[in-house]
Amino acid sequence: MTENMNTFLVLLMFSLVLSTTAFQPLDDNILDGLIFQNDTAAINLASTDYGHIVKINPEAVLSPTSLNDIETLIKLVNDNNSSGVSGSKTVAARGQGHSVRGQSMAEKGIVVNMTSLASLGGRIVVVSNSPFGPYADVGGEQTWIDVLGETLTHGLSPVSWTDYLDLSVGGTLSNAGISGQAFRVGPQIANVYELDVITGKGDLVTCSRTKEAGLFYSVLGGLGQFGIITRARIALAPAPNKVKWLRLLYTDFDVFSRDQERLISSNGRTREKGGVDYVEGFLLMKQGPLDFSFYAAPDQLRITTLVTQSGVVYVIELAKYYVDTATVDKQDLEVLLKGLGFVPGFAFSKDVTYLEFLNRVGAEEAKLRKLGLWDVPHPWLNLFVPKSRISDINSGVFMKILLQNKVPAGLIIVYPLNRNKWDDKMSAMTPNEEVFYTIGLLHSSKVDEWEAFDNVNKQILEFCRVARIPIKQYLPHYETQPDWINHFGSKWPNFQRSKLTFDPNKILAPGQKIFTA
């Protein structure tokens, strides 16, 4: 009787704490050893994200000081929801909050501030020798730039990246994690040996391809639906220290895409014999803005003239890694560029350090923050497009919707990936063709203008629907469950089963709106 009464009192207390619109003073916001915050600063941080489009207030924020804090929270929420005392609560893990549509938020729920775990120390451990090669055990809250800094001290580096490194490990692994290296080594989720995950039941589980494999495959690319990643064992390789960084300009899309596809194919070439380590691409459009930070001043006028005359210029971005004891000389470049159809005289290169190259977006971030242009709305749209329909995207989206409507271009990324570098057992979705393109419309806008960009995004999605282009959204955002079912396609039954297995009360990642739409 006493045990039952204690349980009831704990549940009642938890219900009252979480259902009130304001906590008592912080020192009193303690339940079962957990300290919750709902001060203005904590709530504001947890109610916004990088997108600055959605604002959703949680009831409270938990800044865990141990993994046990997260386990305890999830079990308490499950108990609370089962009791029916105060209605259902949800939990969202927030790393760097780099979502753009509220995916890391929890309306009237609890947001877990994962960054607080970094204060524990020792959350990046590098192992140089193991039976399966070097690796790093990394806390899910750690940023990739911090992981890189630590691994470089051992002469090692992760092999797969995102373009921006101030993202949390858990966050990118919950999506896929792609950049220009993915054509060679696959996305970040394909370069993980092992995970520690706190499931939606509150259980801390170690999983891999051979141990608790169902959880392992579900979580990678699983959009946070099945558990919170608290540790990842990341594959490492010897680190280069120099990069030959090139940009090649095109005015013909078919030649541009042909050359990109050639570069990501083996084509009889290893990376030592003319192959490259990194391939991306983007657009320069006459309505601008034009980013000339890569180019020497004498070249900027020539490029501006080319863009003005062509309307759209397509840019292939390449990188080849090397070490101080080697160089990429003129002859190497000739081999690298042989047969490519860029506009004569419009090939540009520079030598930078490996760290400078990987952290190139971080350097741009610093500049934009000084100008007040970083914390602004980001009405992004990211798509995966099958190779067979990429020309339709050029003619229908780039040359019509964007160019003819004079939409300020921002950054528009276009580059191909090899599907055989992805593991289809994982939750991440790709088109069903061996080569597919990622299209990133990475717009920034003024506070009162984001809806205009969003309307353009809707036009693009409608164009793809009418033209029957079987796209998949990357970093997806849907408002209804039927749209999510369509997104996951044949994977949906397994995705649904995994939810019932690992988060049966559907408390995790409500901001994705997969099971709460």
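Details
- Partner lysines whose Cα lies under 16 Å from the Cα of Lys201, excluding those fewer than 8 positions away in the same chain, are identified as Lys75, Lys89, Lys499, Lys506.
- Cross-link reach list, lysines versus Lys286, counting only Cα pairs under 19 Å and skipping chain neighbours closer than eight places: Lys400, Lys406
- Using alpha-carbon coordinates, inclination of helix 67-83 to the longest axis of the chain, degrees: 60 degrees
- Note that the range 479-485 has calculated 3J(HN,Hα) couplings of 9, 10, 5, x, 5, 5, 4 Hz, one per residue in order, obtained from phi through the Karplus relation 6.51 cos²θ - 1.76 cosθ + 1.60 (θ = phi - 60°); glycine and proline are x.
- Estimated FRET transfer efficiency (Leu461, Ile30; beta-carbon r; R0 51 Å; 0.05): 0.65
- For the range 365-517: rounded, prolate or oblate by the Cα gyration tensor [a/c cutoff 1.5]: oblate
- Segment Met399-Thr153, length gained on full extension (0.36 nm per residue, minus Cα span): 83.9 nm
- In this simple spin-label approximation, Ser66 and Ser490 carry label points 7 Å from Cα along the Cα→Cβ vector, and these lie 4.6 nm apart.
- Charged-residue dipole, Cβ positions (Lys, Arg, Asp, Glu), the range 242-473 about Cα centre, Debye nearest 20: 260 debye
- Rounded to 10°, Cα long-axis angle of helix 450-466 versus longest principal axis of the chain: 80 degrees
- In straight-distance terms, cross-link reach from Lys242 covers every one of the lysines whose alpha-carbon lies under 26 Å from its own, apart from those fewer than eight places away in the same chain; here that gives Lys273, Lys320, Lys330, Lys338, Lys350, Lys367, Lys421.
- Length added when fully stretched, Ser82-Asp324, from 0.36 nm per residue minus Cα-Cα: 81.0 nm
- The range 118-238 shape via C-alpha gyration tensor axes, a/c threshold 1.5: rounded
- Tensor-based shape of the chain (alpha-carbon gyration tensor, a/c under 1.5 rounded, otherwise prolate or oblate): prolate
- Put in line by how crowded their Cβ is, counting other Cβ atoms within 10 Å and starting with the fewest, Arg302, Arg233 read Arg302, Arg233.
- FRET efficiency, 1/(1 + (r/R0)^6) with R0 22 Å, evaluated for Ala366 and Asp291 via beta carbons: 0.90
- Distance between the modelled labels on Asp483 and Leu204, one decimal in nanometres: 3.8 nm (7 Å Cα→Cβ projection).
- Between Ser388 and Leu120, the FRET efficiency estimated from the beta carbon spacing at R0 = 45 angstrom works out to 0.40.
Each reported figure results from applying straightforward, stated rules to the coordinates on display, with no laboratory input. Note that this is a predicted model, so its numbers are computed, not measured. Note that each Cβ is placed from the backbone with ideal geometry, even for glycine, and that neighbours are counted across all protein chains shown.
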